[in-house]
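The values are calculated or read from the model by the stated rules, or taken from the named source; none is laboratory data. Predicted model only: the values in this text are computed from it and were never measured. Here Cβ is always computed from backbone atoms with ideal geometry, including for glycine, and neighbour counts include all displayed protein chains. We work out accessible area using only protein heavy atoms, side chains counted, and drop any ligands, DNA or RNA first. Shrake-Rupley method; radii C 1.70, N 1.55, O 1.52, S 1.80 Å.
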Amino acid sequence: WKVIEHRVSSPSLGEGQLDLRLHARTRPPPIGGVDWPAGRVLLQYCLDHMPNDATVLELGAGIGTTALGLVLANGKNGGTHRRVVATDFDDEVLSILRKNASANGITPVESLTEENASLAVAKWDAAQGTVDALPAVSPSALTHVIGSDLVYFGGADSGLYDSGRGL
């Protein structure tokens, strides 16, 4: 385990930068406890291209690199804010995500229906789930669905699922 720090710049942040600290494993398994480069790339892309008033579902949020970065950017974008539901199927990883949120001054909630909620953290297995069973937000409220490094077969978690049916 180690603490990783990211400093991110984007036109959407104005002249400021985003500072993100994450508690992460140095290598898998499990695959969800690692600060994967794809999560950082996804965060950069979303900051550069996603509207500030988006309601986002992140599949396989892991330790929260993208989700937490999007919520941290809320204080830098002139009043409107993104709302994010960070989902994962792994209880341990969701616990780490919640701790990372708290360490970055973010209070995760159970549902985006709570007043002034910016981040909901929920257990949901997209590969086995259906949109009807989506926790923490109504599917009709979503404007964006994001994810990176979602499907692993033959890797660190081989045998976890026979197939990614839901994906």
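If Lys and Arg each add +1 and Asp and Glu each add -1, what is the summed charge of the other residues whose beta carbon sits under 11 Å from the beta carbon of Gly147?
-3
Treating the beta-carbon of each Lys and Arg as +1 and of each Asp and Glu as -1, no other charges, what is the dipole magnitude of segment 93-153 about its Cα centre, to the nearest 20 debye?
200
Using the Cα gyration tensor of segment 53-122, with a ≥ b ≥ c the square roots of its eigenvalues, what is the shape: rounded (a/c below 1.5), prolate (a/b larger than b/c) or oblate (neither)?
prolate
Within segment 1-43, what whole-number % of the accessible surface is contributed by carbon and sulfur, with the 1.4 Å probe and all protein chains included in the calculation?
Taking all protein chains in place, segment 1-43 shows 52 percent carbon and sulfur surface.
If you count the DSSP beta bridges with both ends in the chain, what percent of them are antiparallel, to the nearest 5?
30
Report the convex hull volume per residue for segment 1-56, counting only C-alpha atoms, in Å³.
85
Find which of Ala86, Pro30, Ala136 sits farthest along the positive direction of the dipole of the chain, computed with +1 on the beta-carbon of Lys and Arg, -1 on that of Asp and Glu, about the Cα centre.
Pro30
In a GNM of the chain with a 10 Å cut-off on Cα contacts, which of Leu43, Leu142, Leu57 has the highest mean-square fluctuation?
Leu142
Among residues other than Leu13 whose Cβ falls under 13 Å from its Cβ, what is the net charge (Lys/Arg +1, Asp/Glu -1)?
Overall, the nearby charge balance is 0.
What residue among Ala24, Ala136, Ala127 has the largest mean-square fluctuation in a Gaussian network model of the chain, using Cα springs under 10 Å?
Ala127
Is there a quick way to get the dipole size of segment 29-134? I mean about its Cα centre, with the Cβ of Lys and Arg at +1 and of Asp and Glu at -1; what is the value in debye to the nearest 20?
Its charge dipole is roughly 380 debye.
With θ taken as phi - 60° and the coefficients 6.51, -1.76 and 1.60, list the Karplus ³J(HN,Hα) couplings across segment 32-48 in order, rounded to whole Hz; mark glycine and proline as x.
Whole-Hz 3J(HN,Hα) from phi for segment 32-48: x, x, 10, 7, 6, x, 4, x, 5, 5, 4, 4, 4, 4, 5, 4, 6.
Once Rh is set to the Kirkwood radius over Cα pairs, what Stokes-Einstein translational diffusion coefficient, in µm²/s, holds for the chain at a temperature of 20 °C and a viscosity of 1.002 mPa s?
Answer from the Stokes-Einstein relation: 134 µm²/s.
Could you report the chain's accessible area per residue, 1.4 Å probe, as an integer in Å²?
Accessible area per residue: 51 Å².
Sort 100-107, 67-74 for me by packing, meaning the mean count of neighbouring Cβ atoms within 10 Å per residue, highest on top.
Ranking the peptides 100-107, 67-74 by packing returns 67-74, 100-107.
Please identify the GluC sites (Glu not before Pro) of segment 35-143 that satisfy two criteria: DSSP loop assignment and at most 15 other Cβ atoms within 10 Å. Which are they?
Answer by residue number: Glu110, Glu114, Glu115.
Given contacts defined as C-alpha pairs under 8 Å and at least six residues apart, what's the relative contact order of the chain, whole-number percent?
Once normalised by length, the contact order is 22 percent.
Looking only at Arg27, Arg83, Arg40, which one moves most when the chain is put into a Gaussian network model with springs between Cα atoms under 10 Å?
Maximum among the listed residues: Arg27.
Using packing as a proxy for protection, rank 45-54, 5-14 so that the peptide with the highest average count of other Cβ atoms within 10 Å comes first.
Highest-to-lowest ranking by the protection proxy: 45-54, 5-14.
Among Leu119, Gly75, His6, flag the residue with its Cα farthest along the positive direction of the charge dipole of segment 1-137, charges on Cβ as +1 for Lys/Arg and -1 for Asp/Glu.
His6
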